[in-house]
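One structure below.
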Amino acid sequence: TGRRRCRLGPWITQTMLTLAHAVEGRAKLLLGAGEIKNVKPFGYNRARGLKSLEDMLQIFRLLLKTTEPVSFDGSVWHLDDAYIGNNRPYIPEVWAMGGGPRLLDMAGRYADGLCAAAPGAFTSPERWGEQISLMRGALERHDRDPHDFGYGLLFVTLMHEDSEVIERAFNHPFMRFFSSVVGRFKQSDWPAEGVQPVWPLDWHYGLKFLPTKLSRAEIDSITAGVTPEMVQKSLICGTPDDIARYIRPYIDEGTTWVSVVDFTAAVLPPEEAPTSFTRMLDVCARTKGRPLDSRLTSTASVLSRL
């Protein structure tokens, strides 16, 4: 019930400093309030997730910006003369993940950026633009420059040049189960799109999803209730060019950082994985208006032989 000594914060900070050194500063730590599946089984209280996140954002800020021993007394975590050295060739960024007024406020105080997902959380560029406006308002309230801040999105895709491959993926059990859980982070978003959710309307995967508590029969029942339409709406589907065109309006709304995940590799034979990797790189190149670097396609070729 009391505050705990924070061992994880200094350890992650040191890890991120090492990573930032390896990539010459291009390192980001994405930090959320904690999915219950990663918290409850290990004895942590998810009800204190936002308080813990606020403490952690402050701890990382202190440890990254200070070269002297630091102490901190937060709502959940505390430090007592914690010291990780003073070597700071590069400083990694710490971004908050998620949404909601409290998270935006703490991100406006302590974070370097905000990250979310599409289409699970933000189904349109307009909705994401509204979130960016709210984030900028929080930054201004805390006397910070809204333009000196990152706005990132994780785009979840099914990507392939053959549309029949994508359509077959709609019926794969993994994709059906995935879509039921995070196709929309808020299940209450589904009815407005004409889709009947499998979980209750007040169910949110971050707060309720404990996969190890589900029996095989329960999983089969859930996947059986997912339609191809739900899977299609849960991911961005198409060729690399289709995905790039989908992403560009989000960039126009103010997105400064993009991450692309292709789930085709999860439902196709293992030998298809390198081509999935190449497609993700291709999308990133297209969103920047550049041709795909031949060295990157060579990397995928090497991976295919491993």
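The values are calculated or read from the model by the stated rules, or taken from the named source; none is laboratory data. Worth saying up front: this structure is predicted, and the values here are computed from it rather than measured. Every residue, glycine among them, receives a Cβ derived from its backbone with ideal geometry; neighbour counts consider all protein chains shown. Note: accessible area is taken over every heavy atom of the protein model, side chains too, but ligands, DNA and RNA are not part of it. Shrake-Rupley method; radii C 1.70, N 1.55, O 1.52, S 1.80 Å.
Here Asp105, Asp55 are screened, and the one residue that is in contact with a Lys or Arg (Cβ under 9 Å, 6 or more places away or on another chain), charged (D, E, K, R) and touching a residue at least 40 places away in the same chain (Cβ under 8 Å) is Asp55. Inside region 231-251, residues that are more than 20 Å from Gly120 (Cβ to Cβ), surrounded by fewer than 19 Cβ atoms within 10 Å (Cβ to Cβ) and of a type outside the set (Ser, Thr, Tyr) make up a count of 1. For Val181, the stated conditions do not hold, so it cannot be described as free of Cβ contacts under 8 Å to residues at least 60 places away in the same chain, over 25 Å from Met135 (Cα atoms) and in contact with a Lys or Arg (Cβ under 7 Å, 6 or more places away or on another chain).
If I ask for residues that are touching a helix residue (DSSP H, G or I) at 6+ places or on another chain (Cβ under 9 Å), farther than 14 Å from Leu114 by Cα and in a loop (DSSP other than H, G, I, E, B), which ones from region 146-166 would you list? Let's see the steps before the verdict.
To start, the set of residues in region 146-166 that are touching a helix residue (DSSP H, G or I) at 6+ places or on another chain (Cβ under 9 Å) comprises 146-149, 151, 153, 155-161, 165-166.
Applying the additional criterion that residues be farther than 14 Å from Leu114 by Cα yields 155-161, 165-166.
His160, Glu161, listed by residue number.
For region 252-286, enumerate the residues that are open to solvent by 30 Å² or more (accessible area, probe 1.4 Å) and free of Cβ contacts under 8 Å to residues at least 12 places away in the same chain. Result: Pro269, Pro270, Glu272.
Scanning region 195-245 for residues that are touching a residue at least 60 places away in the same chain (Cβ under 8 Å), over 25 Å from Val39 (Cα atoms) and of a type in the set (Lys, Arg) gives a single hit, Lys233.
Scanning region 74-93 for residues that are in a strand (DSSP E or B) and either farther than 22 Å from Arg7 by Cβ or at pLDDT 95 or above (or both) turns up just one, Glu93. Just to be sure before I move on: is Ser179 open to solvent by less than 70 Å² (accessible area, probe 1.4 Å), within 27 Å of Asp241 (Cα to Cα) and assigned to a helix (DSSP H, G or I) in the structure I sent? Spelling it out, Ser179 is indeed open to solvent by less than 70 Å² (accessible area, probe 1.4 Å), within 27 Å of Asp241 (Cα to Cα) and assigned to a helix (DSSP H, G or I). In summary, Lys288 fulfils each of the numbered conditions (1) closer than 20 Å to Gly150 by Cα; (2) among the charged types (D, E, K, R); (3) more than 19 Å from the chain's Cα centre (by Cα); (4) modelled with pLDDT of 90 or more with the single exception of condition (4). Applying the set (1) within 26 Å of Thr256 (Cα to Cα); (2) assigned to a helix (DSSP H, G or I); (3) open to solvent by less than 90 Å² (accessible area, probe 1.4 Å) to Leu30 leaves exactly one unmet item: (2). If you go through region 142-168 and keep only what is open to solvent by 30 Å² or more (accessible area, probe 1.4 Å) and more than 20 Å from Gly120 (Cβ to Cβ), you end up with His142, Asp143, Arg144, Asp145, His147, Asp148, Glu161, Asp162, Ser163, Glu164, Glu167, Arg168. I'd like the full set of residues that are in contact with a Gly (Cβ under 9 Å, 6 or more places away or on another chain), open to solvent by less than 30 Å² (accessible area, probe 1.4 Å) and part of a loop (DSSP other than H, G, I, E, B), limited to region 1-27. Of everything in region 1-27, just one residue is in contact with a Gly (Cβ under 9 Å, 6 or more places away or on another chain), open to solvent by less than 30 Å² (accessible area, probe 1.4 Å) and part of a loop (DSSP other than H, G, I, E, B), namely Cys6.
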